Amino acid sequence: KHYSVEALIQLRIGMRLTTRIVWLGAAALVIGGSLAFAPHSSISVKRHLDTSPRSSSLLFFFNRNKQDGEDKDTITEENERKEDGKQPFFARFLERMQPTEQAEKPAETTTNETSSSHATEQKESKVPALEAPKKEKTPLEKAQAMRAQAERMRLEAERMDAQLTLDKIERLEVELKQAKKKGESVEELQREMEALQAKMRGEAPKPIIASSTPSPKSETASATGVTASPTDSTTTSSTDAQPVDEKIFQEKLDEYEKAPDVMKLVIAGSVGLYSPDVKDVNATEVALRLEMMQRSDYSFLGDVPEPVFSQEEIEKTKSYPLFRATCKLEGKDEDEVARAVLEGQYYSKIMQKQLESSLEDNPFFQIELMSNFTELDGMAESLFPNACRKEGETPTMAQANILVADVLPKAGFNPSGKPEPIEGGYIIRGTNKLDNGDALIESIDEKLQKSSIGGKMSVFYINDFTVFTEDQLETNLKPGVADPILLVTGPNVYREPRRLLYSAVSAFGIATSWYLSIYPFLLNPDLMKRAEEQMSLADASMAYDLTWLTDLSLPLFLTFMGIQLTHEIGHRAVAAAYGMNITVPTFVPSLITGITSTVTTFKSPPKNREAMFDFAIAGPFAGIIASVVALYFGLQFTLYSTAEAAAQFPALPLEILRQSTLGGGIIEYMLGAGALAVPGGSEGTSAISSITIPLHPVAIAGYISLIVNALALLPIGTTDGGRIAMTLFSRGAKLLVSQLFLIVLFTLGILGSDLFLFYFSFLIFFQQGNEIPSRNEVDEVSFSRVLLATGAGVVSLLALIPIS
């Protein structure tokens, strides 16, 4: 019922080992490159040491601060003087840090100095500089030295603060990742992270929402809890008009942060904050503008002309259905509400144009939008039909939060985190405190009806289909260890009926069934000759009579349609017992069997797996029993009919009668062994297709209906067999089984079976995917139902496997 976790874990370990090997190889290349370019690296380091005062001071510890072009004798003399004075290394370091006397005053010269070379004068001018610390400094010199030392201390403090900030950012990143895995709130961690990152960039702190009571308009930033960006004066002016609703702001911020990156770009672009990189978007500013839109405040759009509406436009808006009743109920002025509606439409068009203009700079955005579905969305889309994702019916995050906070705890479900958005709804993780899934769903429905969100959503108790996502592989090492979850969707989870189309399809299906009823009679040579005579009269524009053919085919047609209706009666009996609401059956036409299948869909989800199982198996079970009964009595009529009646029996080709081991076995049992034997020399040749066997109309109707009902039991798509498979296996495993059976059908069809090829085409175009979920998909079906399903599968295969 679950995928192989061991295989997935081995794949993940292999990927990690491969990644490490690649990193080691990259490190080796970097080291090798460094050694290869060592001469260039040495030149770069030396240039840095020559130009950096801090590096020169540090090298002074080791007496290796000789500058290019400096006289070696001077360095040697300096070293000797310091050694003679027995100065410790820290004293020489302090001397080096102090400003030299040569920079402050002219070099001293002796009065009895004689003419000497330029080198000697340069030597004498440097000696007093080294002796300067021995003399008492002036107050100005002391002040300069103190300033230099203070500057060094300040730079060191800034370096240490930057290092501490980087360490804290690294720690917050780890905490943020762990909090997301646990489903905990990450808002505070993200705000702290943004503040630290802004500090490293030298920017002012980002806007935050404060919980303090608003102050006067003159202090709008603190009143609303928002500090406007220096480059966005329009936002500040908008917040002056009305305080920020903190609850709505937080709700918008949560929705934005939980959205996929590509949707974040769309949301940011819709409020004029588009950026090619989602990391550059200020989430707080986006949420603030969304909250402003909630208050019909569009001042953040900047220099946009104010709209002017005519009285005609206002009156037209007021004529919308339920407009006046809503305004009267809420006690609002109709003209003001109409203007607000028109303003919303006006500014929405402006924002749409801004977004389209922004996306023009990113031509690959649409490709990115299609390829950036999250893994969770992809799994939900493949496992659940489109009926679970109806446009415009998805509950809001606020409604989902009400469900989590107010309804579920009272209903016996303990949520372990916030709702996780997926396409079309949410999933909620937690623990069921009641005895079973049925009791939980009944309790949730009862509490929902008493809440403010009653009738606005549907809740399903299902197995966790996200257990094998990458984030959970590290914690869920065994299949089935994850607790079941709640799937929250819109209120109407069913396939939309298309009555006109389905009625036309059913009419065509009945017509092909009538054609099937006539065709076997035309395989009787005597009846075919008689029909040709009447058609010749018709071609000659003479009076003709074919009513006898209609009279003969009527028993076959009525028996065949009666068996199909028995199939549907089985469905409706179970639906009535469980209180399920289902549609009128649609008869899908077929030129081979008259009817390919009868399609009946749910108007409301089944209660649990057992309800869906009973509904799905009841139709084919009743249909197969009716087919066998009709085949048996039809063969009895064949045996005991008069020669005159037998001369008017319809016939079926021997090749078709050998298509079913079960049906052919019953025929041979009733008519005698060898009744369907292939004449010698005809096997494997085209001659076998010309051999026909006359049977009573009721027998032919029973034989064809047996094949039609057996096809319905194949575990593919949303057929009855597909529904049965979904109650026995997980949704993912059922899809795998369906694909295997589709491959087998296609192969048999290509090898020569028109019946299987036609049915394969029908399934591909009309019956793909999974059925809508049951309200409780966690509780398993009983063992007796498993045995019944196994028996039904065996009967289906026997009815479809040809006689060998």
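Can you list the residues of region 424-444 with backbone N under 18 Å from a point 7 Å past the Cα of LEU176, pointing along Cα to Cβ? Of the residues in region 424-444, none has backbone N under 18 Å from the label point off LEU176. Highest mean packing first, where packing is the average number of other Cβ atoms within 10 Å per residue, the peptides 295-305, 164-174, 380-390 line up as 380-390, 295-305, 164-174. Is the shape of region 529-585 rounded, prolate or oblate, going by the alpha carbon gyration tensor and its root eigenvalues a ≥ b ≥ c, with a/c under 1.5 for rounded and a/b larger than b/c for prolate? Prolate is the answer for region 529-585, as a/c is 1.5 or above and a/b outweighs b/c. Ordering 499-508, 456-465 by mean Cβ neighbour count within 10 Å, with the highest value first, yields 456-465, 499-508. Between VAL744 and VAL786, the modelled labels are 2.0 nm apart [label points 7 Å from Cα along Cα→Cβ].
Using R0 = 41 Å, the C-beta based FRET efficiency linking ALA677 and LEU546 works out to 0.70. Taking a ≥ b ≥ c as the square roots of the Cα gyration tensor eigenvalues, with a/c under 1.5 meaning rounded and otherwise prolate when a/b beats b/c, else oblate, which class fits region 380-468? Here region 380-468 falls in the oblate category.
Residues of region 264-294 with the amide nitrogen closer than 14 Å to a label point 7 Å from the Cα of SER185, along Cα-to-Cβ, please. Answer for this model: none. From the square roots a ≥ b ≥ c of the eigenvalues of the alpha-carbon gyration tensor of region 751-804, which class results: rounded (a/c under 1.5), prolate (a/b over b/c), or oblate? Verdict is oblate for region 751-804. Distant-in-sequence amide contacts of ILE582, defined by a placed amide H-H separation under 5 Å and a gap of 5 or more residues or a different chain, comprise LYS603. Note on PHE508 and ASN581: the extension gain reaches 23.7 nm, defined as 0.36 nm multiplied by sequence separation minus the Cα-Cα distance.
Computed from the coordinates by the stated procedures, all read-outs in this text should not be read as laboratory data. The model shown is predicted, which means the values in this text are computed figures rather than measured ones. When we count neighbours, we look across all protein chains shown, and the Cβ atoms used for this are built from the backbone with ideal geometry, even at glycine.
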